[in-house]
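Have a look at the structure below before the remarks.
The values are calculated or read from the model by the stated rules, or taken from the named source; none is laboratory data. Here the structure is a predicted model, which is why all the values come from computation and not from measurement. Don't worry about glycine lacking a Cβ; one is built from the backbone with ideal geometry, like all the others, and counts go over all protein chains shown.
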Amino acid sequence: MRYFAQFRAGLGELVIDSLRRDLPSVKVVSSDESSLIFDTGSDPSKVGNLGYLKNAFSVLGTIPRSSAQHAAERFAEQVLATPMLRGQRRVTSFRTMVSVDGKLLGLPRPAKIRLESAIAKATGARLSLRGGGVEYWLIGRRDVTSMLFCRRLTTGIKPCAAGSLGADLASLLVKASDPRPDDVFLDPFAGSGSIVRARMALPYGRATYSDLAVGEPELQVPPEIRRSSRVTVLAENALELPSISTGSVSSIVTDPPWGEYDRLDLDFATFARRMMASFDRVLDPWRGRLVLLLSRRAGEITHGLWPSANLRLVQSHQLLVNGHPASAQIGGRLLRVG
């Protein structure tokens with residue numbers, strides 16, 4: 001089945017990597033900085049539940065690129081002449097939307113009536129004038145040679161608190177760590193708790209939320225983290241982590257200070273060396289995994305520090321985070337022989 005998905009601009013590499021982890025036999029048909037078209041055998045409900053997608057749609061039909069009016073008329077004909085809407089589940093009411101090159105458009109009334117009448121006849125559903133129900137979208141994207149007729153599967157990503165890491169990016173970073181049900185997880189720069197919450201959404205053994213600002217008025221630890229019996233909250237320096245036993249952590253996913261927008265007591269190169277040495281100490285010597293979100297400039301410094309921390313950098317994705325060039329570095333323990 002073919003799907004169209006939108007995500008926050010600049011996260012494409014991580015999104016594609018996560019799709020291939022979450023869904024079988026994903027084939028990317030086309031992509032740009034904030035959307036992609038892909039094929040997979042997965043059920044639409046599974047695609048619609050992927051929290052890192054801003055919007056996800058099942059593609060019901062395609063025609064060559066044309067005006068929105070002409071596309072609506074062509075799709076109305078297809079709805080009546082083909083089984084594209086047969087078997088659509090739980091359709092009691094619907095509405096139609098049109099998006100061309102990222103802008104919502106209105107259709108001329110005759111074309112709109114023709115499309116909506118065809119959908120109502122094919123599904124037996126009523127048109128909803130106030131929203132709700134199933135949404136059928138006519139979509140055109142720049143650099144895509146087809147117009148798409150789609151059913152929307154998601155309701156969009158909830159906005160995050162100012163200054164916090166978005167839930168979609170946090171989820172992508174956690175998935176990149178190859179999460180396992182028995183993981184002992186650590187975020188040593190936990191801040192708003194977005195990454196820890198994303199890890200708690202998947203099976204895990206134990207987790208630690210650590211940040212030097214715990215207890216300070218400007219940092220409120222999320223209540224679901226404080227209430228959890230399997231999450232330890234610490235106020236510790238990530239360069240030392242005195243309460244964390246050597247080799248006891250299986251996975252670290254974190255967004256450390258970037259050294260560009262944050263005040264550090266050390267120059268970033270020194271900070272990065274001490275940080276990686278601290279991670280080397282606490283990570284399991286055999287199965288420890290690490291995911292770092294850094295500015296592009298900071299990533300150039302940490303890139304060469306992985307081997308000195310007995311870690312192998314496996315992937316480095318180039319991203320945009322709130323408009324800033326960033327890198328997601330992903331890896332784990334060096335392969336050991338004997």
Of the residues in region 67-110 that are within 19 Å of residue 124 (Cα to Cα) and among the charged types (D, E, K, R), the one that is modelled with the lowest pLDDT is 89
Only one of 25, 45, 18 is among the small types (Gly, Ala, Ser), surrounded by fewer than 18 Cβ atoms within 10 Å (Cβ to Cβ) and touching a residue at least 40 places away in the same chain (Cβ under 8 Å), namely 45
Conditions (1) surrounded by 15 or more Cβ atoms within 10 Å (Cβ to Cβ); (2) under 30 Å from residue 293 (Cα atoms); (3) at pLDDT 95 or above -> residue 53 fails only (3)
Taking region 68-122 and keeping only residues that are within 22 Å of residue 6 (Cβ to Cβ) and out of contact with any helix residue (DSSP H, G or I) (no Cβ under 7 Å at 6 or more places or on another chain), one is left with 68, 71, 95, 97, 99, 101, 102, 103, 104, 106
**Q.** Yes/no for residue 101 being free of Cβ contacts under 8 Å to residues at least 12 places away in the same chain and surrounded by fewer than 14 Cβ atoms within 10 Å (Cβ to Cβ)
**A.** no
Among strands (runs of 3 or more DSSP E) entirely inside region 175-267, those with 1 or more residues being closer than 24 Å to residue 13 by Cα and among the charged types (D, E, K, R) are 184-187
Note: among 264, 292, just one is under 23 Å from residue 34 (Cα atoms) and of a type in the set (A, V, I, L, M), namely 292
Subset of region 153-189, residues modelled with pLDDT of 95 or more and farther than 29 Å from residue 324 by Cα, comes to 180, 181, 182, 183, 184
Checked 32, 22, 39 against criteria (outside the structural domain of residue 316 (by TED's automatic domain parsing), farther than 17 Å from residue 321 by Cα and modelled with pLDDT under 95); the one match is 22
>> Residue under question is residue 243, and the condition is that it be in the same structural domain as residue 211 (by TED's automatic domain parsing), touching a residue at least 60 places away in the same chain (Cβ under 8 Å), of a type in the set (Ser, Thr, Tyr) and over 20 Å from residue 178 (Cα atoms); does it hold?
In response: no
Of all strands (runs of 3 or more DSSP E) fully inside region 23-125, the set with 3 or more residues that are out of contact with any Asp or Glu (no Cβ under 9 Å at 6 or more places or on another chain) is 35-39, 55-64, 93-100, 103-105
